[in-house]
Structures are given as C-alpha cells and as structure tokens.
Amino acid sequence: ALVSILIWRNLLNPDFGALVQLQKAILGTAPNWLTDPNATRLAIIIVNMWLSYPYFYIISSGALQALPSDILDAASVDGASVWQKFRSITLPLLLRIVSPLLVASFAFNFNNFNLIYIFNEGNPPIANTPIPAGNTDILISFVYKLAFNSAQADYGLAAAISIVLFVFVAIITWIQFRMTGIFEDKEA
C-alpha cells in the first residue's frame, strides 16, 4: 500500500505528475490534486478505492462461488426472474458472508492514517483556524498533529479524542454486527 500511495501522489503531482500532464494535454487544464481541498478529497477517495478493490474483489468472488446453487436452481424452476433471484436469494446470502468485511473496512477506513499522512499529510491546511487541522485530515491524523506536530503538544486533548474515537467506532461496529445478525444462529 505504501508504494501505491507514493505512486499515486507522484502521478497527481502538479509539477511532474503524469496524470496531470495528460489532463493538461487533453483538457488544457488540470486541478491541483494536492493543494485544492475538493480535488484532494476526490484524489484520496480514488486512491482508497484503488487500494481496497483487490481485497473486496477476492472476498466477494469467493463468497459468490460459495453460494449454494441448489437454491438458485429451485428458484429458476419456480419461475423467478434474474432480478428476483438476485434480490431475494443472492444478495441476502452474500451480505451474510460479506458483512464482516464491510464492518472491518469501515473500522479500517475510519482510522486510515497511512493514506492521509503519506499522500499529503492532511493538507491543505484549513485557513484562518488556530487548530492544526487540514482539509483532508481524518480524526486520527488530526490527533497525530495535535500530539506531535503542533507547536504546543496537546497530549491530553489528543488522548481524549482517541478515546472518544474508539468508543464511537466500537458502537458503530456493534450496531453493524447487530443489524447484519452475523452472530445469530439461524436454523436451516
């Protein structure tokens, strides 16, 4: 992931980035992917999708292959359309298998410090604010800046935000597990 993030950062560099040069050649202009707040947010989303796609693909394709074909065959015999089979059989079975992946990816992306810090360190900074926050900072990178990068190392506030962040992610994860019913035993 580190190498991929660095490659993307260099591809989107306004001075020598290949994608920026290509955009300028085709469109005549290109957004400043590393300093414009909205363009930087979009770039981070694209890079995050690029990084997570292989993992999601492997898990999802494995889950699709693990679905029982006899249920789908029975639905076909009963006259179910492709859409009805997908909506009523495939999707519920797939969500049961993939829901732990969704919960784990939420927790990971909520605290994805590496992507933010390696790509652009949470920059560009928010203008006219006394706090050391950037436009693309997430809570965990903001906590890091509070504790280690600001002129006054505010360890207490950083620790308090970290505890609140942990409680928030734990509650959301618990809610997601309850809603998906992943821990419930279901009779066949």
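Just so it is clear, none of the values below were taken in a lab; they were calculated from the coordinates. Here the structure is a predicted model, which is why all the values come from computation and not from measurement. Cβ placement follows ideal geometry from the backbone for every residue including glycine, while neighbour counts extend to all protein chains displayed.
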Global form of the chain, assessed from the alpha-carbon gyration tensor, a/c cut-off 1.5: oblate
Rg to Rh, two decimals, where the range 35-118 supplies the alpha carbon set and Rh follows Kirkwood: 1.16
Value of Rg to Rh for the range 111-188 (Rh from inverse mean 1/r over Cα pairs, i.e. Kirkwood): 1.18
Relative contact order (percent, whole number), the chain, Cα cutoff 8 Å, 6+ residue spacing: 19 percent
Peptides 99-109, 69-79 ordered by average Cβ neighbours within 10 Å, highest first: 99-109, 69-79
